[in-house]
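Student: Attaching a single structure in structure tokens format; questions to follow.
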Amino acid sequence: MIDTSLREANNYVMPPITIVKHSGEEELFSEEKLLNSLARSGAGKETARSILKQIKEKLYPGIKTREIYKMANKLLRKKSRKFSVNYSLKNAILKLGPTGFYFERFVSHMYQAWGYETEVDVNLKGRCVSHEVDVIAKRADKTILVECKFHNTPNKKNDIKTVLYIQSRRVDLHDSKDCMAFDEFHVVSNTTFSKDAIEYSNCMGLNILGLNSPGKEAFHDVVRKYDLHPVTCLKRIRQKDMDLVLEEGIVLCKEILLPKNKQFLKKIGLTDKEVRSIVNEIKDIMEATG
């Protein structure tokens, strides 16, 4: 840890600090990245800068990004429950892994919130080969095919190869006389898209939704707007019980508020007191972000 007396010296410039990412890779600490992530929580510039200053005082070479995340979340929670919930959303989505199975169901709920009826994991015959489509979203005026790209590490970008592959699937399905007619093809991810992936998608008419969606609501904005917080946001439920909840097909916090799902919690062994505690936590989350 750097001597704080040096920090207070005039014109002090913090030396580069190497941090360790979730993947084990090393990179230089970026004030801008941390400020941006704090801003996404809803904290104002003044709050974000104050938290950044406090975190910088505790940095040391080789610190893990998850330690920085914990410090930031703790400081945000002192300011506002809402900021803390929003900041931890990215991590909660990651906990829907390790496979993309629960993420696909989560995305299905997003389209339902937009007024679509949905199906998941549907096989459609393309002109050349068959394709498993993650989500089909339908309403009276539109049919959308959705490809879900879930990543276990937050820094994994969807690059040009990803959207090239998805576009080839889109073309094969579009050119098939045996495939249902569709109006749009969407790609939804829990991480970001590279610059060239965004440019290519815009050029080809692929609709993308991720952490850096251009010119529209980003992934987390949609989650907050429609109260689509995943059950993995919850702190008052044991991991073994969380696994059972997900296996039951319950992926959203607000689904637990349904009588049948509160009954399911009791069925898997939770006491009335534990269920009430979880329900209260969900209500706190929804009130904080409403």
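Since every read-out is calculated from the coordinates, none of them should be taken as a lab result. What you see is a predicted model, and the numbers here were worked out from it, not measured in a lab. FYI the Cβ positions are ideal-geometry reconstructions off the backbone, even for glycines, and counts take in every protein chain you see.
Student: With a cut-off of 8 Å between alpha carbons and a minimum separation of six or more residues, what is the relative contact order of the chain in percent?
Tutor: 14
Student: Also, quick follow-up: Out of Pro259, Pro214, Pro98, any idea which swings most in a Gaussian network model of the chain, alpha carbons joined below 10 Å?
Tutor: Pro259
Student: So how strong a dipole does the range 101-225 carry about its Cα centre when Lys and Arg Cβ are +1 and Asp and Glu Cβ are -1, to the nearest 20 debye?
Tutor: That gives the range 101-225 a dipole magnitude of about 220 debye.
Student: Using the alpha-carbon centroid of each, what span in Å lies between the range 132-150 and the range 65-94?
Tutor: For the range 132-150 versus the range 65-94, the Cα centre distance is 31 Å.
Student: With a cap of 15 neighbouring Cβ atoms within 10 Å, and only residues DSSP puts in a loop, list the GluC sites (Glu not before Pro) found in the range 16-109.
Tutor: Within the range 16-109, the qualifying GluC sites (Glu not before Pro) (loop, at most 15 other Cβ atoms within 10 Å) are Glu25, Glu57.
Student: Could I ask something else about it? Relative to the longest principal axis of the C-alpha atoms of the chain, give the angle of the C-alpha long axis of helix 45-56, reported between 0 and 90° and rounded to the nearest 10°.
Tutor: Relative to the chain, helix 45-56 is tipped by roughly 70 degrees.
Student: Taking a cut-off of 20 Å between Cα atoms, list the lysines near Lys254, but don't count ones fewer than 8 places away on the same chain.
Tutor: Candidates past the 8-residue exclusion: Lys82, Lys90, Lys95, Lys225, Lys235, Lys240, Lys262, Lys266, Lys267, Lys273, Lys283.
Student: Arrange the following residues from fewest to most other Cβ atoms within 10 Å of their Cβ: Asp227, Asp134.
Tutor: By the 10 Å Cβ count, ascending, the order reads Asp227, Asp134.
Student: Now, a different point. How many percent of DSSP beta bridges within the range 101-225 run antiparallel, rounded to 5?
Tutor: Rounded to the nearest five, the antiparallel share is 55 percent.
Student: Counting only Cα atoms, I'd like the Rg/Rh figure for the range 4-79, Kirkwood definition for Rh.
Tutor: Ratio of gyration radius to Kirkwood radius: 0.96.
Student: How much net charge surrounds Pro154 when only other residues with a Cβ under 9 Å from its Cβ are counted (Lys, Arg +1; Asp, Glu -1)?
Tutor: +3
Student: Pull out a ≥ b ≥ c, the square roots of the eigenvalues of the alpha-carbon gyration tensor of the chain, then state rounded if a/c is under 1.5, prolate if not and a/b is larger than b/c, and oblate in the remaining case.
Tutor: It is oblate, given that a/c is not under 1.5 and a/b is not larger than b/c.
Student: Next up: Residues with beta-carbon under 10 Å from that of Phe182, excluding Phe182: net charge, scoring Lys, Arg +1 and Asp, Glu -1?
Tutor: Within the 10 Å Cβ shell, the charges total +1.
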